[in-house]
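Everything below concerns the one structure shown next.
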Amino acid sequence: MTEVPNWQDSKLGTMKRAALWLVAEIGVGNIFTKAQLRDAFPDVSQIDRRMRDLRDHGWSIHTSREDLSLSTSEQRFVGQGSPVWEPGKATKSSPTISAAQRREVLMRDDYLCRSCGIGAGEHFAGGQEAAQLEIARRQIKRADGTSSVELVTECNRCRVGGRQVIADVGALTARIRQLPAFDRKILAGWMADGHRNFSEVEKLWAAYRGLPAETRAQLSGAIGS
Ligand SMILES: [Zn+2]
């Protein structure tokens, strides 16, 4: 039986320490804030990113994107994944993505987040924050029942949920006012209903767009023209 190390052990890698911190200080089911995370790891500049890396090891951490009851500065530790602090565990399930692989995936994905379509350095709607593109692993279940893990480009926001989302209502209102009357009427209708009904073809497009390149090619090949 392996002893669980202390999260404050600075000899451990940051991702391992973040995992141990979640287990020791937060506990499954509980909420933590960005401020708590920063306080725990004051010397680590990429702590958000290291926390996200845990998702590749089966850890479930929800943001306001997956859990609407959370604010944008909160996350919930939903479930523990692989004990990454044990020897070999951090690498076995998830080999490091090489720089060459990263370049290839970005190129195949047209340098766009496949989930929301934003490009690197573009600003998120209604905010000052520029998008960073990252490579995510996506579990693919094929029609023949086999499954695989493929790489896909995702922006920092789609991968983890909003970090510092600032809604600029004034700018939003101005943009709405600039819409052609017809579009504004459609938007007003969605606002009144409180939701927008996507057509089946739009839903299918969104599902297709988010797939990794290889699977996109297979699917579009299978459909033909
Ligand atoms: Zn995105």
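When the dipole is taken about the Cα centre of segment 45-158, and only Lys, Arg (+1) and Asp, Glu (-1) are charged at their Cβ, what size is it in debye, to the nearest 20?
300
With θ set to phi - 60°, apply the Karplus curve 6.51 cos²θ - 1.76 cosθ + 1.60 along segment 182-191 and write out the HN-Hα couplings as whole Hz, x wherever there is a Gly or Pro.
Karplus-based 3J(HN,Hα) across segment 182-191 equals 5, 5, 5, 5, 4, 4, 4, x, 4, 4 Hz.
For the full complex of protein chains and a 1.4 angstrom probe, list Met15, Met51 by accessible area with the highest value first.
Met15, Met51
Between Asp9 and Ser199, what is 0.36 nm times their sequence separation minus the Cα-Cα distance? Round to one decimal in nm.
Difference between extended and current length: 63.2 nm.
Need one number: nm distance between label points at Ser45 and Val149, each 7 Å from Cα along Cα→Cβ, rounded to one decimal.
Reported label-point gap for Ser45 and Val149 is 2.8 nm.
On average, how much accessible surface per residue is there in the chain, in Å², for a 1.4 Å probe, leaving out ligands, DNA and RNA?
Per-residue value: 61 Å².
For Arg184 and Thr72 in the same chain, what is the full-extension length gain: residue separation times 0.36 nm, less their Cα-Cα distance, in nm?
Stretched fully, the Arg184-Thr72 segment lengthens by 37.5 nm.
How many percent of the accessible area of the chain is carbon or sulfur, using a 1.4 Å probe?
C and S atoms contribute 54 percent here.
Heavy atoms of the protein only, probe of 1.4 Å, neighbouring chains included. What is the accessible area of His195 in Å², nearest 10?
Counting only protein heavy atoms, the figure is 90 Å².
What accessible surface, in Å², does a 1.4 Å probe find on Arg65, ignoring ligands, DNA and RNA and rounding to the nearest 10?
Using a 1.4 Å probe on the heavy atoms, I get roughly 130 Å².
In square angstrom, rounded to the nearest 10, how much accessible surface does Ile186 have for a 1.4 Å probe?
Near enough 70 Å² of accessible area.
Pull out a ≥ b ≥ c, the square roots of the eigenvalues of the alpha-carbon gyration tensor of segment 1-94, then state rounded if a/c is under 1.5, prolate if not and a/b is larger than b/c, and oblate in the remaining case.
prolate
Two-decimal Rg/Rh of segment 97-225 from alpha-carbon positions, Kirkwood Rh?
Over the Cα atoms of segment 97-225, Rg/Rh equals 1.04.
Rounding to the nearest 10 and keeping the result within 0 to 90°, find how far the Cα-based axis of helix 99-108 lies from the longest principal axis of the chain.
The angle comes out near 20 degrees.
Over all distinct alpha-carbon pairs, what is the Kirkwood Rh of the chain in angstrom?
Roughly 20.0 Å, rounded to one decimal.
Among the Cys residues of the chain, which have no other cysteine Cβ under 4.7 angstrom away?
Lacking a cysteine Cβ partner under 4.7 Å: Cys116, Cys158.
Under the definition of Cα pairs under 8 Å and six or more residues apart, what whole-number percent is the relative contact order of the chain?
Across the chain, relative contact order equals 16 percent.
Once you list every other residue whose beta carbon is under 14 Å from the beta carbon of Thr215, what net charge do they have if Lys and Arg are +1 and Asp and Glu are -1?
Result for the local shell: +4.
Just to make sure I understand: if all protein chains stay in place, what is the order of Leu22, Leu219, Leu204 by accessible area at 1.4 Å, largest first?
Ranked from most to least accessible, the order is Leu204, Leu219, Leu22.
The values are calculated or read from the model by the stated rules, or taken from the named source; none is laboratory data. Treat the numbers as computed from the prediction; the structure is a model and nothing was measured. All Cβ positions, even for glycine, are placed from backbone atoms using ideal geometry, and neighbour counts span all protein chains on display. Ligands, DNA and RNA are excluded from the accessible area calculation, which covers all protein heavy atoms including side chains. Shrake-Rupley method; radii C 1.70, N 1.55, O 1.52, S 1.80 Å.
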